[in-house]
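Colleague: Below: one structure in C-alpha cells.
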Amino acid sequence: MKFQVLDIIPHLKNPVTGEIVSTADRLNQVVRTAQRAEELGYDSFSVGERHAGEFISSSPTSVLAAIATVTSTIRLQSGVTVLSVLDPVRVAEDYATIDQLSRGRLELVIGKGNEVLQYPLFGLDIDDQWELLAEKYGLLRRLWTEENVTWSGKFRPALTEPTTTTPRPFAGAPRVWHGSATSLTSAALAASWGDPLFTANAIQPRENYAVLIEHYRAEYERHGHDPKHQYLGSGAGAGGVFIADTTQEAKRQFGPVYEALTAGRNVPGNNSPYRDIDHAVAEGPALVGSPEQVIDKILSYHELYRHDLQSIALPTTQPFEQQLEILERFALEVIPAVRAAAPTTLWGEGDPFAGRPAVGFAGKTAATEPGAAAGITADHTSHRSAHAYAH
C-alpha cells in the first residue's frame, strides 16, 4: 500500500483550549508538513480546496507550488480540485505549472466538492454539479493531451480559435483520480474513463462506501479497461489520525477534541454518525489508537475495499509539534506493517504513471465521446440534490 498525507487546511480553534494559529502560520505548517512527510518516506502529499467554511484552502495551486519548490521526490496531489466550479483552461494552466515546478510529480484528484455554498459563490446552479464536472473534465483532458483545441459545450463559452494551453505538462498528461463520497456518479465518471477512484471514507459506515467502490469496479470492467490499472484510494475519517502508546491513552488525549469538533458541526446530510470517540474507534474509519490498533483498522478496511493508497490527515487543531510526532510515529510504526501486508503496483512496476512517461490518457478521449457527460449524469439524477456531496 502507498500512503498520502492530506491537508484540506481547516483553520479552527482547538475546541478544548481555544487556541488557534494565525493564517500565515497555518499555511506555513502545510509546507513544513509536506517537507517532513517527504523525509519520512510518505508517497504523496495532497492539498484540498474549499471556497466556504472555516478553511483557508481556496488557492491550493499556490500552496502546492510552494511545496513543489521545497521538495524533490514526494508526489503532489490535490484533494480535491473542485473542477465543477472552475474554468478547465485555468486548471490546465495552473496545474501544468505545478507539474513543471515539481518535474512531473503532480497527480490531480477532481470532484464536485463538499460545500454547497461554493456554487452560488461562483454563480452556478448546484443542480448542474454533475454535468458541470463531466463536461469540464472532458475539456481538461483534451487541453492536456492535444494542441490547437477547438471545443463547444453547455456551460462555458466555446473555444472557437485553436487553443494550446501553456505551459504543457512536464511529461505527458498527469494522472487524474476522481473523488467520491456519497454518489454513484463520480464512481461512474471515473470508471467510464478508466481513471482511479478515491473514496472519501470519511463519515459514513464502510458498507456505504463499499457500494460506490463495487459500482466503480463493475463499470470499469463494463467499459473494458485494463484491471491492472484499476487503482483505489481511501480516506481515513473525519478528525485526523492520532497515535499514542495505547488505544486508551489515544482516546483519553484526543477524545475531548474529537467529540467537541463533531458536536460543533451541524450540516444536515453531512454529519458523522460517530459522535463519541469510543464509537469512532470501534466502528468508524478514524485512525485513533495504538499503532497496532491503527494497523488493524487499515487492514480491516483493505479487506473490504482492496485499496492501494491510504490517505491520512493530521489533527490540525493540536500543537504543531505534536502533529509532527504523530506523522513520524505513523511512518515508523504503522506504514511498514501495512506495506508488507497489502502490496500494490501503484507507482511501481506495471504502473504506466510510475515514472510519468509521456503516455497521457490512453484510449478514448472526450472528442470520441461527445455524449459522455450527458450519459453519466442521466443515470444518476436522483443523487443531484442540494445535499449531495463529493470528496
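The values are calculated or read from the model by the stated rules, or taken from the named source; none is laboratory data. This one's a predicted model, so the numbers in the text were calculated from it and none came from an experiment. A quick note on method: Cβ atoms are made from the backbone with ideal geometry, for glycine too, and the neighbour counts reach across all protein chains shown. Each accessible area value is taken on the protein alone, full model and side chains, heavy atoms only, with ligands, DNA and RNA left out. Shrake-Rupley method; radii C 1.70, N 1.55, O 1.52, S 1.80 Å.
Colleague: If I filter the range 316-327 for residues that are β-branched (V, I, T), modelled with pLDDT of 95 or more, surrounded by 15 or more Cβ atoms within 10 Å (Cβ to Cβ) and assigned to a helix (DSSP H, G or I), do I get at least one hit?
Modeller: Taking the range 316-327 and keeping what is β-branched (V, I, T), we get 316-317, 326.
If we keep only those that are modelled with pLDDT of 95 or more too, we end up with 316-317, 326.
Going one step further and asking which of them are surrounded by 15 or more Cβ atoms within 10 Å (Cβ to Cβ), we end up with 316-317, 326.
Checking the rest, the ones that are also assigned to a helix (DSSP H, G or I) come to 326.
The answer is yes; a qualifying residue exists.
Colleague: Considering only residues of the range 26-49 that are closer than 23 Å to A354 by Cβ and of a type in the set (D, E, K, R), which is least open to solvent (accessible area, probe 1.4 Å)?
Modeller: D43
Colleague: Are any of the residues in the range 262-285 closer than 22 Å to T33 by Cα and either part of a helix (DSSP H, G or I) or without any contact (Cβ under 8 Å) to a residue 60 or more places away in the chain (or both)?
Modeller: Going residue by residue through the range 262-285, those that are closer than 22 Å to T33 by Cα are none.
No.
Colleague: I would also like to ask the following. Taking the stated definitions as given, is E292 open to solvent by 60 Å² or more (accessible area, probe 1.4 Å) and either within 22 Å of F330 (Cβ to Cβ) or in contact with a Leu (Cβ under 8 Å, 6 or more places away or on another chain) (or both)? Reasoning before the result, please.
Modeller: Working: open to solvent by 60 Å² or more (accessible area, probe 1.4 Å): yes; either within 22 Å of F330 (Cβ to Cβ) or in contact with a Leu (Cβ under 8 Å, 6 or more places away or on another chain) (or both): yes.
Taking the combined requirement at face value, the residue satisfies it.
Condition check ((1) part of a helix (DSSP H, G or I); (2) surrounded by 19 or more Cβ atoms within 10 Å (Cβ to Cβ); (3) small (G, A, S)) across all residues:
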{"site": "T182", "(1), (2), (3)": "no, yes, no"}
{"site": "S186", "(1), (2), (3)": "yes, yes, yes"}
{"site": "A191", "(1), (2), (3)": "yes, yes, yes"}
{"site": "D195", "(1), (2), (3)": "no, yes, no"}
{"site": "N201", "(1), (2), (3)": "no, yes, no"}
{"site": "Y209", "(1), (2), (3)": "yes, yes, no"}
{"site": "R217", "(1), (2), (3)": "yes, no, no"}
{"site": "Y220", "(1), (2), (3)": "yes, yes, no"}
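Colleague: Could you tell me which residue of the range 118-131 is least open to solvent (accessible area, probe 1.4 Å), considering only residues that are more than 20 Å from S186 (Cβ to Cβ) and of a type outside the set (G, A, S)? If you could, list the steps in order and put the result at the bottom.
Modeller: So the first thing to find is which residues in the range 118-131 are more than 20 Å from S186 (Cβ to Cβ), and the list is 120-121, 123.
Imposing the further condition that a residue be of a type outside the set (G, A, S) reduces the set to 120-121.
Details: P120: 91, L121: 112 Å².
For the range 118-131, the residue satisfying everything is P120.
Colleague: Moving on to the next point. Would you be able to say whether some residue in the range 100-109 is in a loop (DSSP other than H, G, I, E, B), charged (D, E, K, R) and in contact with a strand residue (DSSP E or B) (Cβ under 7 Å, 6 or more places away or on another chain)? Even if it seems obvious, please write down each step before you answer.
Modeller: Kept after step one, since they are in a loop (DSSP other than H, G, I, E, B), are these residues of the range 100-109: 102-105.
Next cut, charged (D, E, K, R) only: 103, 105.
Narrowing the set further to residues that are in contact with a strand residue (DSSP E or B) (Cβ under 7 Å, 6 or more places away or on another chain) leaves 103, 105.
Checking the range 100-109: at least one residue is in a loop (DSSP other than H, G, I, E, B), charged (D, E, K, R) and in contact with a strand residue (DSSP E or B) (Cβ under 7 Å, 6 or more places away or on another chain).
Colleague: Please go through the range 187-212 and pick out each residue that is hydroxyl-bearing (S, T, Y) and farther than 22 Å from V5 by Cβ.
Modeller: Here is the first cut: in the range 187-212, the ones hydroxyl-bearing (S, T, Y) are 192, 199, 209.
Listed by number, the list holds a single entry, S192.
Colleague: Those residues that are touching a Gly at 6+ places or on another chain (Cβ under 7 Å) and closer than 15 Å to T97 by Cα, I need them from the range 69-83; list them, please.
Modeller: none
Colleague: Only one residue in V80, V85, V70, V89 is under 15 Å from the mean Cα position of the chain (by Cα) and either of a type outside the set (K, R) or open to solvent by less than 40 Å² (accessible area, probe 1.4 Å) (or both). Which one? Lay out the reasoning, then the answer.
Modeller: Numbers: V85 fails: under 15 Å from the mean Cα position of the chain (by Cα); V70 fails: under 15 Å from the mean Cα position of the chain (by Cα); V89 fails: under 15 Å from the mean Cα position of the chain (by Cα).
From the options V80, V85, V70, V89, the qualifying one is V80.
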